[in-house]
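The values are calculated or read from the model by the stated rules, or taken from the named source; none is laboratory data. Owing to the predicted nature of the structure, the values given are computational and were not obtained by experimental measurement. Glycine also receives a Cβ, built like all others from the backbone with ideal geometry; neighbour counts cover every protein chain displayed.
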Amino acid sequence: MGVSVIQMKKVLFVILILSCTQNLFAQKKDTASFSKSAVYAEVLGVAYYYSINYERILVGKKDKLSLRLGLSVIKDVVYVSSFPVMLNYISGDRNNRFEAGGGTLVSVIYSSNPYLEKALAFSLGYRYQRPNGKFLFRAAITPVIYSSNYFYVGAGISFGYVF
C-alpha cells in the first residue's frame, strides 16, 4: 500500500496553505502601529540630575533601533551642560519592552577654566510604550564611565510623550 504522487501533492498543498495562513495572522499581531518619535524627561539617569531627550526609531518592526539626543543644564557649584547621544535597542511585544543602549555623554563644565568631560554611557532597563499610545515610561540602570577614570552607576526614570 503506497502513497500516490497525487495524494502527496495534495498533502503538501494543504500544509503550504496552512503555513501561509499562520504567517499572515502572526504578521498582523507583530506589525501594530508603533510611533517613531518621543520626547521625554529622564530623572537621575545618564546626564546627572535630569535630561530632556528626543528619540527617533531608526529601523525595526518587532525589535527596534533608536537614536537618542538629549540636553541637561545644571548649576551646582559651576554650570554644566551635558549632551547624551545614544543608540538604543528595544525588544519585546505589545506594551512591555526591554531596552539596552550605549553611547556617549559630552559635558561642558563652565568654571574659571572651562573644559569638556567625555564619558561612555549605557542603559539597561524596562520600557512601557503602547503601540498606538502617546505615553512613554522608562526605568533603567545607567552606568557611566568618565574619561577622568571615574565610574558611576545610577538609575533613571523617564516620562514622556510619543508621536
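Output the residue which, of all residues in segment 53-81 that are of a type in the set (K, R) and in a strand (DSSP E or B), is modelled with the lowest pLDDT. Taking the candidates together, the pick is K75. Taking segment 130-145 only, how many residues are in contact (Cβ under 8 Å) with a residue 40 or more places away in the chain and either surrounded by 15 or more Cβ atoms within 10 Å (Cβ to Cβ) or outside any loop (DSSP other than H, G, I, E, B) (or both)? Number satisfying all stated conditions: 5.
Of all residue pairs spaced 6 or more apart or on separate chains, those with beta-carbon atoms under 7 Å, a first member in segment 39-63 that is surrounded by 20 or more Cβ atoms within 10 Å (Cβ to Cβ) and a second member that is not basic (K, R) and not in a strand (DSSP E or B) are S51/G45.
Just checking, does segment 89-105 include any residue being under 18 Å from S33 (Cα atoms), without any contact (Cβ under 8 Å) to a residue 60 or more places away in the chain, surrounded by 15 or more Cβ atoms within 10 Å (Cβ to Cβ) and β-branched (V, I, T)? Yes, because at least one residue in segment 89-105 is under 18 Å from S33 (Cα atoms), without any contact (Cβ under 8 Å) to a residue 60 or more places away in the chain, surrounded by 15 or more Cβ atoms within 10 Å (Cβ to Cβ) and β-branched (V, I, T). Here S148 meets each of (1) part of a strand (DSSP E or B); (2) out of contact with any Ser or Thr (no Cβ under 7 Å at 6 or more places or on another chain); (3) among the small types (G, A, S) with one exception, condition (1). Here K75 clears all of (1) more than 19 Å from Y128 (Cα to Cα); (2) under 9 Å from the mean Cα position of the chain (by Cα); (3) of a type in the set (D, E, K, R) except the condition numbered (2). Determine whether V85 is surrounded by fewer than 19 Cβ atoms within 10 Å (Cβ to Cβ), in contact with a Phe, Trp or Tyr (Cβ under 7 Å, 6 or more places away or on another chain) and assigned by TED's automatic domain parsing to the domain that holds S51. In short, no.
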